[in-house]
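One structure is given here, and the rest of the page talks about it.
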Amino acid sequence: MAGTGADPLVRAEHFIWLTARVLEQRRFAHRFLDGDPDPVETALTAYRNEDGGYAHALEPDLRGPVSQPLHTAHALGVLDSIGRCEGLRVERICRYLSDVSTKEGALPALLPLQRGYPAAPFVPLVDDPPAELLATGPIVGLLHRNEVWHAWLFRATDFCWSAVDALEQSHPYEIEAAIAFLDGVPDRTRAERAADRLGRLVRGQRLAVLDPARRAEYPVAPGYAPGEHHFPHDYARTPGSLARRWFTDGELERSLDHLAAEQQEDGGWSVNWRQWAPGTALEGRPLVTLRALETLRSYGRPLG
């Protein structure tokens, strides 16, 4: 059994084997134990529906059997992590995205099909949901970064550009979606200009905690859980992100120090968003743990 004095990766491995779903166990083995990617894709397939979308609490805050854009974005992220964001599997996903898009050609956060199944109360369920950058941006950026071509991307990309250009007041998750789009979109000159403006917005509206020792002095966005702050590493998940330019070396180092220190005694990291059901927090922690490990490794922080 891994104790608290063990290396971060050893402690995290114990936590993953103890608590994670099969999918996160397979992802951990692939990313940190030189495991084969095939079992990751096999585990992911269990969440896929006949319509090409994904469901079954792949994104833990949405429960039930109906496909949703947020589940499908999660699935694309998994495929991207194993280098398989291509071919027929992605063609089916893009066809699903096209089928569920709004008149603008973009994605709502939650389709009304969710009605009757449990969902987080902070994800609004309405009959005619609008297109949102929050749902569309990460998917569009990821598909562009993987050089996927599909007709759905044309209007979805235009929607994302318009949404990013219109941002004047925002909140952390929307900014994360915007930077995910900008990090992947082909027009790099325009992306850099937009990212520079968003960086000024993030600093001006204090959407990133620049000094973790003084986090209580930073505001929490309306509707977020108490203490649901975001830090530089939440925006700049890798050194190559455009968001890396928003922060000084000192600010980023303090952020990474804070992230490393947040590993709990059981080896995992905790969720900081609102917990509304016991299972969602249990399933969310391994996801947060994988993300923390990936971020620390991308910046060269020692894991063991």
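The values are calculated or read from the model by the stated rules, or taken from the named source; none is laboratory data. Keep in mind that this is a model prediction, so the values were computed, not measured. Cβ coordinates were reconstructed from backbone atoms using ideal geometry, including for glycine residues, and neighbour counts include every protein chain displayed. These accessible areas exclude ligands, DNA and RNA; they are computed on the full protein's heavy atoms, side chains included. Shrake-Rupley method; radii C 1.70, N 1.55, O 1.52, S 1.80 Å.
Here PHE154 sits with roughly 120 square angstrom of accessible surface, probe radius 1.4 Å. Split the accessible area of segment 244-304 by element, probe 1.4 Å, and carbon with sulfur accounts for 51%. Across segment 84-227, the relative contact order, built from alpha-carbon pairs under 8 Å that are at least six residues apart, equals 21 percent. For segment 61-106, GluC sites (Glu not before Pro) are listed when DSSP marks them as loop and at most 16 other Cβ atoms sit within 10 Å of their Cβ; the list is GLU86, GLU104. Once C-alpha pairs closer than 8 Å and six or more residues apart are averaged by separation and normalised to the residue number of segment 160-240, the relative contact order reads 28 percent.
Surface composition of segment 16-101: carbon and sulfur atoms hold 45% of the protein heavy-atom accessible area at a 1.4 Å probe.
Quick one: net charge around ALA131, please, counting Lys, Arg +1 and Asp, Glu -1 for every other residue with C-beta under 9 Å from its C-beta. Once all neighbours under 9 Å are counted, the net charge is -1.
Farthest toward the positive end of the dipole of segment 151-207, out of LEU153, ALA191, ALA163, is the Cα of ALA191, where the dipole comes from beta carbon charges about the Cα centre. For segment 118-159, the carbon plus sulfur part of the accessible surface works out to 60%, probe radius 1.4 Å.
Loop-located GluC sites (Glu not before Pro) across segment 131-190 with a Cβ neighbour count of 10 or fewer within 10 Å are GLU147, GLU168, with loop assigned by DSSP.
Which of ALA46, PRO232, LEU79 sits closest to the plus end of the dipole of the chain, meaning its Cα is farthest towards the positive end, when Lys and Arg get +1 and Asp and Glu get -1 on the C-beta? In the chain, that residue is PRO232. Solvent-accessible area per residue in segment 197-249 equals 47 Å², computed with a 1.4 angstrom probe and all protein chains kept.
For the chain, a crude dipole built from +1 on the beta carbon of Lys and Arg and -1 on the beta carbon of Asp and Glu, taken about the Cα centre, is about 180 debye to the nearest 20. Of interest is the spacing of the C-alpha centroids, which for segment 192-247 and segment 1-77 amounts to 27 Å. All Cα-Cα distances of the chain, cut into 10 Å bins from zero to the largest, leave 6, 26, 37, 26, 5, 0 percent in each bin in turn. Comparing GLU50, GLU265, GLU13 in a Gaussian network model of the chain, where Cα atoms under 10 Å apart are tied by springs, the biggest mean-square fluctuation is seen for GLU50. Relative contact order for the chain: 18 percent, from Cα pairs under 8 Å spaced at least 6 residues apart, divided by residue count.
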